[in-house]
Amino acid sequence: MIALRHILCPIDFSDISQHALAHAVAIARWYEARLTVLYVFVNVPTMEAPPLVFDDADRERLLTQMRHFAAAVPSTVPIEFRIQEGGFAHDEIVAQIDAMHADMLVLGTHGRSGFQRLFLGSVSEKVIRKVTCPTLIVPPRASDVAMDMPVQFHRILCPIDFSDSSLDALEYAINLAEESDARLTVLHVVELPHVLSDEPAVINVDVSRIHEEAATRARQKLHDLIPAQARTYCTVDTAVVEGRAYREIVRQAAEGQSDLIVMGVHGRGALDLLVFGSTTHHVIRASACPVLIVRQG
């Protein structure tokens, strides 16, 4: 069972963060969790000027703006507004996650062009790389959700590569699916070496047989991973396909009309790999539905 008691949603007053806030509110309603909306006032001194003076009047104006921004949040959702002043927004967000012991972080993204910037050092990229709690990333193309209704994930996709981190994600995805009576698709993508795919004559091997044996082993492993009780409380499908992992994950999500992708990564710092083009990075960039990153301990 997933226990979500406290959700943190940083905002910057953009439409994108409004979209993320709606998802955060819907999840808070579902789990009867409290929600903290955070704004970081970045105040960095320069060689030309000292830090700005951020006084009580400035704080009150920002709080008024935040309350207006979240005006559609139902009164049934316990909500807190918090303003932090600091030199680096990502450091303040991560510090608040740790201080609050938040159970989930909800972040918006800026789509393909924005995500290129994100992975070159923006606030969101730095936050995602450092946090330890599950992080829901909401792309602009994700379907709208109503703040006055608890979110229900009906079709969940969980790609796994049989690593410990992906198995942690699978456990989280199963719990989500059971709690929402959803259809869960557990996907494994067989990625064969380039030489096996393109130059079978050179190495004189039966490529078709290698493909089929790899797929058969994966199907059996997937079947063995699903607890019997999971099939009682939700619908579980398994699928094995061949190709580039991120492309097949995005394709499967689109064809299956998934409303959530659950993926696992290793502990703190593992998301540095995203900068260099990992599967998770590509999925987040291309996905049309929210992606939930579950980090291994």
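Taken one residue at a time, the phi angles of the range 174-190 give Karplus couplings (6.51, -1.76, 1.60, θ = phi - 60°) of 4, 4, 4, 5, 5, 6, 10, 6, 9, 8, 10, 10, 9, 10, 10, 9, 7 Hz. Gly and Pro are set to x. Placing a label point 7 Å from the Cα of I226 along the Cα-to-Cβ direction, the residues of the range 141-163 whose backbone N falls under 20 Å from that point are 153-163.
Here the Karplus curve 6.51 cos²θ - 1.76 cosθ + 1.60, taken at θ = phi - 60°, turns the phi angles of the range 153-166 into couplings of 7, 9, 9, 10, 10, 10, x, 10, 10, 6, 6, 4, 5, 6 Hz, with x standing for Gly and Pro. Would you pull out the residues with amide H under 5 Å of M104's amide H, same chain only if 5 or more places away, H placed 1.01 Å from N? Here H6, L8 satisfy the definition.
By a 1.4 Å probe calculation restricted to protein chains, Y246 has an accessible surface near 50 Å², given to the nearest 10. Each residue was assigned an accessible area with a 1.4 Å probe, and for V145 the value is about 40 Å².
The values are calculated or read from the model by the stated rules, or taken from the named source; none is laboratory data. Here the structure is a predicted model, which is why all the values come from computation and not from measurement. Please note: Cβ atoms are built from the backbone with ideal geometry, for glycine as well, and neighbour counts cover all protein chains shown. For accessibility, only protein heavy atoms count, side chains too; no ligands or nucleic acids. Shrake-Rupley method; radii C 1.70, N 1.55, O 1.52, S 1.80 Å.
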